[in-house]
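**Q** The structure's right below; bear with me while I get my questions together.
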Amino acid sequence: MNKKIGFTCAYTPVPLIEAAGFSPFRVFPESKAPDLSGNLLHDNLCPHVKKVLDRAIAGDLPDLEGMVFINSCDSMRRLSDAWHEARPDDKIIFLDLPSGINSLSLDFLSKEYKRLTETLFKWNNKTCSSKEMTARVNNRIDTWNLLAALVKKSSGKMSKAYTKGHASLIQEIINTAATKSVDKALLMAQNKIDPQGDARQGAAPVFLFGNLLFDPKVYDLFEEWNINVTGNDFCTSSRFITPVDKNACDNIFKSIAASYLNNTSCARTMDTSKPGSIAMNIVQQAKETNAKGVIGFTLKFCDPYLARIPMIRKALQKESIPFLMLEGDCTMGCMGQQQTRIEAFAEMLEV
Amino acid sequence: MIFLGIDIGSLSCDAVLIDEKKNILSSSVIPTGVNNMEAIARVKKNVLDASGIMEKDISSIISTGYGRTRVKERNGAVTEITCHAKGIKHMIPGTRILIDIGGQDSKAMRLDPDGNVVDFAMNDKCAAGTGRFLEAMARALEVDINELGQLDKGATSDLVLSSMCTVFAESEVVSLIAGGTGQKEIAKGLNRAIAARTNSLVKRVAQDISGLPVAMSGGVARNKGVVKAIARSMNIDKVHTPETPDITGALGAAIIALEKTLQKG
Amino acid sequence: MMYEHFDNIVKGITEKLNHDPDGINARKKYVLAISKLGKKLYSRDENIAWCGVTAPFDLLSAMGVTSCFVEFVGAMLSSTDTAGFFLEKAEDAGFATDSCAYHRAVMGAVLENAMPEPDFIIGTSSPCTAGLAIVENFAHQYKKDFFILNVPQNYTKDAVKYLATQLEEMTRFVSDHTKRPLSKQRLSFALENFNTSTSLLKEIYDLARTKPSPVDNKFLKDFGTVVALLMGTKQGIDICRAFKDELARRIKKGLHHASKEKIRLMWIQNRIQYPFPINEMLDDLGAKIVVDELNNVTWEPMDPDNPFESIAKRMISIPFSMGTAERIRQMQNLAKAYRIDGAINPCHWGCRQGTGARGLISKGLKDINVPVLNLEIDCVDSRNLAKGQIETRVEAFIEMLS
């Protein structure tokens, strides 16, 4: 079995981890580890970062060969800082991620992704020519793209006719790619990505966005609470399965950088030519998926979203699309508190 | 036909029986206590006894409130948001902004001209500005919760309470008392603090409320001091309150039971 | 309203200075310069840019742009006790109370049209994600062009080159808006001014290190962060010189309140902005803030022949841009150089960047036997201030150190 490389951010290209002969292991914030991260950092940090750090402190992790951190936001930077303290013997690589999208950023990020690949190969004692390294990366990207295409196709069906269990099944497949292997996820996808059964009638069609919603069971709750998920935009869903356009640029690392910078529309990244475009993107996705309403589900203390919610709310209001904003730690534990809000929202949309 | 609405909140458990013309036959409000199954049975018995109606004559039951799924005999469960909107439509027709301060959370709703909810906001999970908060404050002031609403009469100062966290506010109130600040001044400060909190909740659903009739439901609507402070803080003449604000949710639930039965035909 | 506010300060201080033409009056000159900058921003006679904290203000001023970081306005609103109104406005518009109040207050000012409309916006990814997100809101709200300087955290050759190239691109972006090309000569002057100011800063900090220290609790409050707005100008040099002269004079005359320096303290990150008598309280307790974390020169002199690279290196060298380990290393050096007895970290509410590292900072300073008091206070929003609790904590901390 391959050794594992841990990571925490959707801007980590899994094909690079696999190309170096490792298995990916996204450290999800699911743990019964005691709440100790506040001692190393602060209690008012996003629960994602805190819970992941709790896992590190408690040793609630599989054997990891190393960790990949991304400079995606302040909380992630602090997580990387604290990881050094919590697990001083771990190999760690910290990648800088530009905030603005332009050709300079693309060039810089491509170098960062190349540095990641070289580091991972070194960690796995793989000495090979740059040509061979590129070939391996290309190979893993092909599989990744197959998976991404299947996920995208299947997700597209949710907006037309939602079948019970569809959203949670897709999430399971995505999680398999994040924590086990892309091959396994692809196999799952090829076998059973579209659930059987009739389209669910009478539930409110809603588009979801936010940062982290990874537990497949969450989607079962949405169904129970009379919501049909028409589509979603989370760093644990569509933003994680980023297809790589291999022909986007003249070398593979640039192509990866271009794909991730342009497709992975986390609130921390912005298109300087269109300030506030995140709001329009959400409106567009809601419309494209025929949603009657939008639910934003974000982590508490997430600065990039905290600053964008007002503009998102305004943009949705302008289009007369009802919006429900929820905050929590994005695990099953916090869902109970949201039940009334979500059910009331569904009732409101039914009228 | 007879319809029953039951609203199981964290502080009180309310029930309303209506006939097919939406006439209220009887209603009851009791403390939920620690055992909500017991409270449900008791409140149901109260309304049946008071109206002389037999349980078998009830055509449909809708439950609401945070304990809505605990009502085993329900025909359906609907959130308190929808039920309060439905109830207020019957009690104060034309309401466009509805404030409901419940035991553990407060809500603001924007209604369309037909009384349907078009947007709503709920406070965070903390108890600040809710019924439970007021209970704690009444305890700190050593007055009965029902007296609290009138307590600010004649208060002249502009005392501002900075803490809205129940725990901190309680200790702030205690230290104000220790410092010699009068009960009525503190009560006024409390009302203003709750009003400010409520106002910001309302702003989340409607930036501009001019021309929109505002009503308040839920037990806290009985507290005249709070209601007045809310009106002042929103810069409006009046916040309308039903005669029996506690039963708004249960009444709404009963009306939904009636409407759903009629729809099924 | 804001123009009048700055104008009144300018008039008042100018009058006072006129009465004392030979005096050093460092702090007054500093406030005067900052108020003049504020006046300039609000008069809109020149091109205006709202920026992130680490933007190259020397380069921008060389290009004839009046520029300022947005947090400055948040701090100013707080210091004049007017932040509450703007915070409420921002909160009403949906900006959450979990966010940083520097940003929330300034956003409220934008929504209330109490900010001068910029010609363009220059965001910086350092010091914080929230700051960048807020200036994106500015660009969205004002519908103005937006440029981001991505400041990498890893101090590598590639990172320096990347940021230097972005700075070059920024000058083109600025020129496109001002219709003026960058004058190499003006940039050289600005960098020379910056270098002179830097040398003076080092002298100021050397003097402040003296034991007993000639500073008082307010003297260098937020100096390093704010003076960066002026360092590329002659005015910046004048101010730095005045501060240096004042400290030298105090040492010479023995005016260093030695009796009030039983405890020497370091203040971490920014100070409390609203009127709150913590400085007086520390005075009464015999404790003195002899150093602020951000009053530190972390950069090499600017090279006028290689301007973009040297500015890039400077931007990356600022503690905020780097990882916490480097920030702690710098704090440890300060702690030793200033021979401090303890440190106060206000733990500004809503600051993931700085406060986020609370535990690591405490541990890092504890490793060199420097106790840290974590205040847990909002440095801008005074509405929820629990004064009594803060006073008790500070007193207990000083008692412990004594």
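The values are calculated or read from the model by the stated rules, or taken from the named source; none is laboratory data. Please read these numbers as outputs of a predicted model, since none were measured by experiment. Backbone-built Cβ (ideal geometry, glycine too); neighbour counts: all protein chains shown. Surface accessibility is based on the protein's heavy atoms, side chains included, excluding ligands, DNA and RNA. Shrake-Rupley method; radii C 1.70, N 1.55, O 1.52, S 1.80 Å.
**Q** Do any residues in region B:169-180 that are more than 12 Å from chain C (Cβ to nearest Cβ) have Cβ atoms under 9 Å from those of residues that are basic (Lys, Arg), where the two are at least six apart or on different chains, and which pairs are they?
**A** B:GLU170/B:ARG139
**Q** Continuing with the same structure: Would you please name the residue that is modelled with the lowest pLDDT, looking only at residues in region B:189-215 that are out of contact with any helix residue (DSSP H, G or I) (no Cβ under 6 Å at 6 or more places or on another chain) and farther than 21 Å from C:GLU88 by Cα?
**A** So, considering only residues that are out of contact with any helix residue (DSSP H, G or I) (no Cβ under 6 Å at 6 or more places or on another chain) and farther than 21 Å from C:GLU88 by Cα, the one modelled with the lowest pLDDT is B:GLY211.
**Q** For region A:21-45, which positions are within 14 Å of another protein chain (Cβ to nearest Cβ), surrounded by fewer than 21 Cβ atoms within 10 Å (Cβ to Cβ) and either over 18 Å from C:CYS128 (Cβ atoms) or among the acidic types (Asp, Glu) (or both)?
**A** Of everything in region A:21-45, those that are within 14 Å of another protein chain (Cβ to nearest Cβ), surrounded by fewer than 21 Cβ atoms within 10 Å (Cβ to Cβ) and either over 18 Å from C:CYS128 (Cβ atoms) or among the acidic types (Asp, Glu) (or both) turn out to be A:ASP35, A:LEU36, A:GLY38, A:ASN39, A:ASP43.
**Q** Quick check on region A:46-57. Is at least one of its residues at the interface with chain C (Cβ under 7 Å from one of its Cβ atoms) and closer than 24 Å to A:CYS334 by Cα?
**A** no
**Q** So C:ILE340 clears everything in (1) open to solvent by less than 40 Å² (accessible area, probe 1.4 Å); (2) part of a helix (DSSP H, G or I); (3) farther than 24 Å from C:SER125 by Cα except one condition, right? Which one?
**A** Here C:ILE340 clears every test but (2).
**Q** Also, I was wondering about something else. Would you point out the residue of region C:88-110, among those that are in a helix (DSSP H, G or I) and either facing chain A (nearest Cβ under 9 Å) or at pLDDT below 95 (or both), that is most open to solvent (accessible area, probe 1.4 Å)?
**A** C:GLU88
**Q** Which members of region C:202-229 meet the condition of being assigned to a helix (DSSP H, G or I) and either open to solvent by 40 Å² or more (accessible area, probe 1.4 Å) or under 18 Å from C:LEU334 (Cα atoms) (or both)?
**A** C:LYS202, C:GLU203, C:ILE204, C:TYR205, C:ASP206, C:LEU207, C:ALA208, C:ARG209, C:PHE223, C:GLY224, C:THR225
**Q** Of the numbered conditions (1) surrounded by 19 or more Cβ atoms within 10 Å (Cβ to Cβ); (2) touching a Lys or Arg at 6+ places or on another chain (Cβ under 6 Å); (3) more than 14 Å from every other protein chain (Cβ to nearest Cβ), B:PRO213 satisfies every one except a single condition; which is it?
**A** (1)
**Q** Under 8 Å between Cβ atoms, which residue pairs at least 6 apart in sequence (or on different chains) link something in region C:9-23 that is without any contact (Cβ under 8 Å) to a residue 24 or more places away in the chain with a partner that is part of a loop (DSSP other than H, G, I, E, B)?
**A** Short answer, once both residue conditions are applied: C:LYS16/C:ASN25; C:LEU17/C:GLY23; C:LEU17/C:ASN25.
**Q** Now a separate question. Could you please find all residues in region C:116-158 being more than 7 Å from chain A (Cβ to nearest Cβ), farther than 19 Å from C:PHE57 by Cβ and in a helix (DSSP H, G or I)?
**A** Correct list: C:GLN141, C:TYR142, C:LYS157.
**Q** Could you list, in sequence order, all residues of region C:111-129 that are crowded, with 24+ Cβ neighbours inside 10 Å and among the aliphatic types (A, V, I, L, M)?
**A** Within region C:111-129, C:ILE121, C:ILE122 meet the criteria.
**Q** Take the conditions open to solvent by 10 Å² or more (accessible area, probe 1.4 Å) and either hydrophobic (A, V, I, L, M, F, W, C) or touching a residue at least 60 places away in the same chain (Cβ under 8 Å) (or both) and apply them to C:ASN154. Does it pass?
**A** no
**Q** Now for a different question. Is at least one residue of region B:83-102 farther than 14 Å from B:GLY252 by Cβ and open to solvent by 70 Å² or more (accessible area, probe 1.4 Å)?
**A** Taking every residue of region B:83-102 in turn, none turns out to be farther than 14 Å from B:GLY252 by Cβ and open to solvent by 70 Å² or more (accessible area, probe 1.4 Å).
**Q** For residues in region C:159-201 being polar (S, T, N, Q) and within 9 Å of another protein chain (Cβ to nearest Cβ), which is surrounded by the most Cβ atoms within 10 Å (Cβ to Cβ)?
**A** It comes out as C:GLN166.
**Q** When you scan region C:160-193, how many residues do you find that are within 22 Å of the chain's Cα centre (by Cα) and within 22 Å of C:ASN150 (Cα to Cα)?
**A** Residues flagged as within 22 Å of the chain's Cα centre (by Cα) and within 22 Å of C:ASN150 (Cα to Cα) within region C:160-193 amount to 3.
**Q** Further question on the same structure: Could you grab me the full set of residues in region A:289-313 that are within 9 Å of chain C (Cβ to nearest Cβ) and small (Gly, Ala, Ser)?
**A** Within region A:289-313, A:ALA307 is the sole residue that qualifies.
**Q** Tell me, which residue of region C:1-47 that is among the small types (Gly, Ala, Ser) and crowded, with 16+ Cβ neighbours inside 10 Å is nearest to C:ALA248 (Cα to Cα)?
**A** Looking at residues that are among the small types (Gly, Ala, Ser) and crowded, with 16+ Cβ neighbours inside 10 Å, I get C:ALA26.
**Q** In region A:314-351, how many are facing another protein chain (nearest Cβ under 7 Å), part of a helix (DSSP H, G or I) and at pLDDT 95 or above?
**A** Summing the residues that are facing another protein chain (nearest Cβ under 7 Å), part of a helix (DSSP H, G or I) and at pLDDT 95 or above in region A:314-351 gives 4.
**Q** Same structure, new question: Which residue is nearest to A:LEU41 (Cα to Cα), if the candidates are limited to region A:82-93 and must be acidic (Asp, Glu) and in contact (Cβ under 8 Å) with a residue 12 or more places away in the chain?
**A** Only one residue tops the list, namely A:GLU85.
**Q** Still on this structure, I have one more. Can C:SER61 be described as among the polar types (S, T, N, Q), open to solvent by 20 Å² or more (accessible area, probe 1.4 Å), under 23 Å from C:ALA312 (Cβ atoms) and touching a residue at least 60 places away in the same chain (Cβ under 8 Å)?
**A** Criteria met by C:SER61.
**Q** Let me ask another. Name the single residue, out of those in region C:387-400 being within 12 Å of another protein chain (Cβ to nearest Cβ) and over 25 Å from the mean Cα position of the chain (by Cα), that is most open to solvent (accessible area, probe 1.4 Å).
**A** Once the filter is applied, the top-ranked residue is C:GLN389.
**Q** Follow-up question, since we're still on this one. Mind listing just one residue for me: the one in region B:39-73 that is farther than 21 Å from B:PRO245 by Cβ and within 14 Å of chain A (Cβ to nearest Cβ) and, of those, least open to solvent (accessible area, probe 1.4 Å)?
**A** Of everything passing the filter in region B:39-73, B:THR69 is least open to solvent (accessible area, probe 1.4 Å).
**Q** Out of all the residues in region C:346-380, which are away from chain A (no Cβ under 11 Å), open to solvent by 10 Å² or more (accessible area, probe 1.4 Å) and assigned to a helix (DSSP H, G or I)?
**A** C:LYS366, the sole residue that qualifies.
**Q** Could you check region B:158-241 for helices (runs of 4 or more DSSP H) lying wholly inside it with 2 or more residues that are over 30 Å from B:THR82 (Cβ atoms)?
**A** Result: B:166-178, B:183-205.
Results for (1) among the β-branched types (Val, Ile, Thr); (2) within 25 Å of A:GLY156 (Cα to Cα); (3) surrounded by 23 or more Cβ atoms within 10 Å (Cβ to Cβ), shown as yes or no for each residue.
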residue: A:ALA286; (1), (2), (3): no, yes, yes
residue: A:ILE312; (1), (2), (3): yes, yes, yes
residue: A:GLU319; (1), (2), (3): no, yes, no
residue: A:GLY328; (1), (2), (3): no, no, no
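**Q** Can you name every residue in region A:76-90 that is more than 8 Å from chain C (Cβ to nearest Cβ) and closer than 17 Å to A:CYS9 by Cβ?
**A** If the condition is that a residue be more than 8 Å from chain C (Cβ to nearest Cβ) and closer than 17 Å to A:CYS9 by Cβ, then A:MET76, A:LEU79, A:TRP83, A:ASP90 are the ones that fit.
**Q** For region A:2-28, which positions are at pLDDT 95 or above, more than 18 Å from A:THR242 (Cα to Cα) and assigned to a loop (DSSP other than H, G, I, E, B)?
**A** Once the filter is applied, which keeps residues that are at pLDDT 95 or above, more than 18 Å from A:THR242 (Cα to Cα) and assigned to a loop (DSSP other than H, G, I, E, B), region A:2-28 yields A:LYS3, A:ALA20, A:GLY21, A:PHE22, A:VAL27, A:PHE28.
**Q** Determine which member of the set A:ASP250, A:ASP245 is assigned to a loop (DSSP other than H, G, I, E, B), without any contact (Cβ under 8 Å) to a residue 60 or more places away in the chain, in contact with a Ser or Thr (Cβ under 9 Å, 6 or more places away or on another chain) and surrounded by fewer than 23 Cβ atoms within 10 Å (Cβ to Cβ).
**A** So the residue among A:ASP250, A:ASP245 that is assigned to a loop (DSSP other than H, G, I, E, B), without any contact (Cβ under 8 Å) to a residue 60 or more places away in the chain, in contact with a Ser or Thr (Cβ under 9 Å, 6 or more places away or on another chain) and surrounded by fewer than 23 Cβ atoms within 10 Å (Cβ to Cβ) is A:ASP245.
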